[in-house]
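Below is one structure, written out as structure tokens, with a few remarks after it.
Rule-based calculations on the coordinates, nothing more; no lab input. Since we're looking at a predicted model, the values are computed, not measured. Methodologically, a virtual Cβ is constructed for each residue, glycine included, from the backbone with ideal geometry; neighbour enumeration extends over all protein chains shown.
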Amino acid sequence: MRWCVSIGAALVAAGLVGGDVASVAAPNAPQLHKRRQDKCKEVRARLGEPRRLAYGPTPVEMLDIYTTKKPNAPINVFIHGGAWRAGEAWEFCDAAELFVHAGAHFVVPDFIDVIAAGGSLMPMAEQVRRAVAWVHKNAASFGGDPSRIFISGRSSGAHLAGTTLIADWKEFGAPADVIKGALLSSGMYDLKPVRLSKRGAYVKFTDAMEDALSTQRHLTRINCPVILGLILIRSPIRLILRLILRCDREGAPRAEWAGWANVVQLCRTRVRNGGRAARDQRQQEREGVARPHHLDDGHVVVQVFRRRVDA
């Protein structure tokens, strides 16, 4: 069974998720950024400095490897976000401790930013793919299992990680199934809406780049389980309606909106079910009956993209 719901990239176009959301929905973003940096410093103090190795020919092509003690362990490669123009590997090791203690290696690569790349996303995608191929080839050198490589990412990092799922791995000397699964958050999987957003001011989109790096347009190339998630604090229905109005104002073809009615229905169902779960929870708490709370008031978790390959 294969199915896909397109919403993450669309909300980016509305300026509601990804890097642009910080100034509106998270005015304390600088404090949160500093908090993550401090947490990363604490993680490195507890785990020790990672192995930092080159995976490519340019100075920026380096990756940090946080190793577990478990032999022949699975590997998670995390691709950081930052609107394609910010962030470094050391700032995104806060999850390393979780993986290492669970018996998995945690790898975070550095890669060129879009400004340094002259506005093109192609060198970024190329480097991220090269990092994955390097991990596969050299996994045994740090106690990793090359047959159990997984990828994760957030925001623009989720987009770049998504492009690894549609790569022609023969060009990198890796097997077609080099990635065994992906867990990505708040990414952009069709670049058409992003091209209409504020990011079009510094990303020099072309039709060829838009198509090549829009993972959602090449689903038949994906051969591993993929789950992409998006967490919204505000009503997703309202956000989608705002998106439609904005795209209409900016001239996006209505053909690009196909399937959004289903997204609205999905979100409406999640909101309705979430509200019912919250009411049931409060009622049972009043009655002294304990029951797990499945969805907090005001918070909706929408699985925005999923592709499952049947065994």
Exercise. Once phi is turned into ³J(HN,Hα) by the Karplus curve 6.51 cos²θ - 1.76 cosθ + 1.60 with θ = phi - 60°, what whole-Hz value does each residue of the range 106-118 show in order, with x for glycine and proline?
Worked result: 10, 10, 10, x, 8, 7, 4, 8, 5, 5, 5, 8, x
For this session: Scan around S120 for amide H atoms under 5 Å from its own, H built in the peptide plane at 1.01 Å from N, and keep only partners 5 or more places away or cross-chain.
Result: K204
Seminar exercise, completed: If every Lys and Arg gets +1 and every Asp and Glu gets -1 at its Cβ, then about the Cα centre the range 119-175 yields a dipole, in debye to the nearest 20, of 100 debye
Problem set entry | Residues I227, I151, sorted so that the one with the fewest Cβ neighbours within 10 Å comes first | I227, I151
Exercise. Across the range 221-228, in residue order, what do the Karplus-derived ³J(HN,Hα) couplings come to in whole Hz, using 6.51 cos²θ - 1.76 cosθ + 1.60 with θ = phi - 60° and x for Gly and Pro?
Worked result: 7, 7, 10, 9, x, 9, 10, 10
For this session: Collect residues whose amide H, placed 1.01 Å from N in the peptide plane, falls under 5 Å from the amide H of R51; neighbours closer than 5 in sequence don't count.
Result: I65, T67
Exercise. Whose amide H sits under 5 Å from the amide H of M188, counting only residues 5 or more places off or on another chain, with H placed in the peptide plane?
Worked result: H159
Problem set entry | Rough spin-label spacing in nm, given labels placed 7 Å along Cα→Cβ, for D38 and K137 | 4.1 nm
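I need V203, V128 ordered by Cβ neighbour count within 10 Å, fewest first.
V203, V128
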Seminar exercise, completed: Restricting to lysines and to Cα separations under 21 Å from K170, and discarding same-chain partners fewer than 8 apart, the set is K137, K180
For this session: Using 0.36 nm per residue of separation minus the Cα-Cα distance, give me the extension gain between T220 and R148 in nm, one decimal.
Result: 23.8 nm
Exercise. Could you give me the ³J(HN,Hα) list for the range 137-146, computed from phi with Karplus coefficients 6.51, -1.76, 1.60 and θ = phi - 60°, whole Hz, x at Gly and Pro?
Worked result: 5, 10, 4, 4, 5, 10, x, x, 9, x
Problem set entry | Qualifying trypsin sites (Lys or Arg not before Pro) in the range 136-215, DSSP loop, other Cβ atoms within 10 Å at most 16 | K204
